[in-house]
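The values are calculated or read from the model by the stated rules, or taken from the named source; none is laboratory data. As the structure is a computational prediction, the values presented were derived from the model and not from experiment. Because the Cβ atoms are built from the backbone with ideal geometry, glycine has one as well, and the counts that use them run over all protein chains shown.
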Amino acid sequence: MNNKVDVDQLIASQLQTVGQRYTNNRRRLISILLRSSKPLSINQILDMDPELAQSSAYRNLTVLEEAGSIARIVTSADHARYELAEEILEHHHHIICSPCGEILDFRLSDNIEEALESSLQEIADQLGFTLDTHRLDLIGTCTLCKDNS
Ligand SMILES: [Zn+2]
Ligand SMILES: [Zn+2]
């Protein structure tokens, strides 16, 4: 899904199911996340729109997370990053820098994703689970942190 109108309609209806409205400030947060190619920390979000107030940005991100429109990724460094829900962004994985908390998105090739999915399906079967999706994060050290050490 990449049509802005469809995204707005989806988010408006997700918000409605939790009794919330798609306010101006929430639209601004979504448009920042739509423009970004990677998950963003609250500070990075505020840098991209200096008119957003930190306290209301926090509140609205929490509401959007409750509505299922965005996902919060907690890194080992405990710096949360936000991104649009997979329903909007499409399935992908993360690589996380443990020293600084930087997160990049990546996609596996269809072949590898299918092979991974079928291995994981076997595990879920063995454990008696119905599989909805999976998450796979790689943890390491980014170029910047490597150069600074
Ligand atoms: Zn780093
Ligand atoms: Zn995957």
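Miscellaneous remarks
- Lone unmet requirement of (1) over 22 Å from Gly101 (Cα atoms); (2) crowded, with 20+ Cβ neighbours inside 10 Å; (3) not hydroxyl-bearing (Ser, Thr, Tyr) for Arg27: (2)
- Every test in (1) surrounded by fewer than 13 Cβ atoms within 10 Å (Cβ to Cβ); (2) modelled with pLDDT under 95; (3) more than 25 Å from Val18 (Cα to Cα); (4) within 16 Å of ligand 2 (Cβ to nearest atom) is passed by Ser149 save one, and that test is (4).
- Residue identified as more than 11 Å from the chain's Cα centre (by Cα) and either modelled with pLDDT of 90 or more or not in a helix (DSSP H, G or I) (or both) among Ala77, Ala71: Ala77
- Cβ pairs under 9 Å, 6+ apart, first in the range 2-18 and at negative phi, second acidic (Asp, Glu) and modelled with pLDDT under 95: Asn2/Glu90; Leu10/Glu87; Gln14/Glu87
- Filtering the range 89-103 for residues that are more than 19 Å from Gly140 (Cβ to Cβ), modelled with pLDDT under 95 and in a helix (DSSP H, G or I) leaves a non-empty set.
- Residue list for the range 114-149, restricted to those being within 16 Å of ligand 1 (Cβ to nearest atom) and in a helix (DSSP H, G or I): Thr143, Leu144, Cys145, Lys146, Asp147, Asn148
- Residue ID - surrounded by the fewest Cβ atoms within 10 Å (Cβ to Cβ), chosen from residues in the range 98-146 that are more than 24 Å from the chain's Cα centre (by Cα) and more than 16 Å from ligand 2 (Cβ to nearest atom): Gly128
- Of all residues in the range 91-117, those that are over 12 Å from Pro39 (Cα atoms) have Cβ atoms under 6 Å from Cβ atoms of residues that are at pLDDT below 95 and assigned to a strand (DSSP E or B), 6 or more apart or on another chain, in Ser98/Ile139.
- Positions within the range 49-91 being of a type in the set (Gly, Ala, Ser) and either in the same structural domain as Leu104 (by TED's automatic domain parsing) or under 14 Å from Gln20 (Cα atoms) (or both), in sequence order: Ala67, Gly68, Ser69
- Taken over the range 2-38, the residue count meeting the criterion of being farther than 27 Å from Leu104 by Cβ and outside any helix (DSSP H, G or I) is 6.
- Given (1) within 26 Å of Arg28 (Cβ to Cβ); (2) buried (at least 16 other Cβ atoms within 10 Å of the Cβ), index of the condition His93 fails: (1)
- Any hit, the range 80-87, residues being more than 16 Å from ligand 1 (Cβ to nearest atom), of a type in the set (Phe, Trp, Tyr) and touching a Leu at 6+ places or on another chain (Cβ under 9 Å): yes
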